[in-house]
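The values are calculated or read from the model by the stated rules, or taken from the named source; none is laboratory data. On a predicted model such as this, the values are computed, not experimentally measured, just so you know. Keep in mind that these areas ignore ligands, DNA and RNA; they rest on the heavy atoms of the full protein, side chains included. Shrake-Rupley method; radii C 1.70, N 1.55, O 1.52, S 1.80 Å.
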Amino acid sequence: MPSNCKHRSLGSLAALMLAGTASSAGAADPPRLTPSGLDVPRYVSLKYETINARNGPDEAHRLLWVYHAKGLPVQVVAETREWRRICDPEGGLAWVHKRTTDGRRTAMRVQPKPLALLASPKPGSKVNAWLRGRSTANLDKCEKGWCRLKADGAHGWAPETEIWGASSQVQCKS
């Protein structure tokens, strides 16, 4: 690996601990139409365990770092026909080939503290499971400031503000 590469490994996927018994921020930036016909910004996830992140939209561009985080949620903030400029949960901006992204939505608990996944989308609901800090889960849907997450056979609702991968605003400014 070249000496100028930054290795990124952002935690394990779908790390849930089953529980015993125990609002959207601001206005969204307007979407822009792109070569794929899909809106920007939009969320996708990383498709493979190892993905090269480049300085520009071509393999001739300098390698910035290598992602080692299959399923990591990333936000597409720009694109060409073959390449996607993505923003990751740590604020990194890089170009990846479109074949390395997956349209399936995931979300990440960026903070180290576990997050309670609730039985219904309201404060005080029964805790179904816990999402470990720095881990990801599949994002089923979001409504009225709450998102339904699934992982390892468990599911539950979490406030949209407590996860990365749900806000409609651009997460990284270039």
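For ARG132, the accessible surface of its heavy atoms amounts to roughly 100 Å² (probe 1.4 Å, protein chains only, rounded to the nearest 10). Shape class for segment 46-109, computed from the alpha carbon gyration tensor (a ≥ b ≥ c): prolate, with a/c not under 1.5 and a/b above b/c. The alpha-carbon atoms of segment 28-174, seen along their principal axes, cover 52, 31, 23 angstrom, with the largest extent given first. Between segment 145-174 and segment 47-120, the C-alpha centres lie 15 angstrom from each other.
Using the 1.4 Å probe convention, the accessible area of segment 132-174 works out to 50 Å² per residue with neighbouring protein chains retained. Coupling constants for segment 137-151 follow from the phi torsions by the Karplus curve (6.51 cos²θ - 1.76 cosθ + 1.60, θ = phi - 60°), and in residue order they are 8, 6, 9, 7, 6, 10, 7, 6, x, 10, 10, 8, 10, 9, 6 Hz; glycine and proline get x. Per atom type, segment 75-132 shows carbon and sulfur on 53% of its accessible surface, probed at 1.4 Å. Less than 5 angstrom separates the built amide H of LEU64 from those of ALA53, ARG54, ASN55, all sequence-distant by 5 or more or on a different chain. Which aspartates and glutamates have a Cα less than 13 Å from the Cα of LYS150, not counting those fewer than 8 places away in the same chain? The reachable aspartates and glutamates, counting only those whose Cα sits under 13 Å from LYS150, are ASP140.
Distances between placed amide hydrogens fall under 5 Å for THR80 paired with ARG85, all partners being 5 or more residues away or on another chain.
Only aspartates and glutamates eight or more places from LYS47 in sequence, or on another chain, were considered; those with a Cα closer than 12 Å are ASP102. Let me know the shape class of segment 117-174, please: from the alpha-carbon gyration tensor, a ≥ b ≥ c as square roots of the eigenvalues, rounded when a/c is under 1.5, otherwise prolate if a/b is greater than b/c, or oblate. Note, shape of segment 117-174 comes out prolate.
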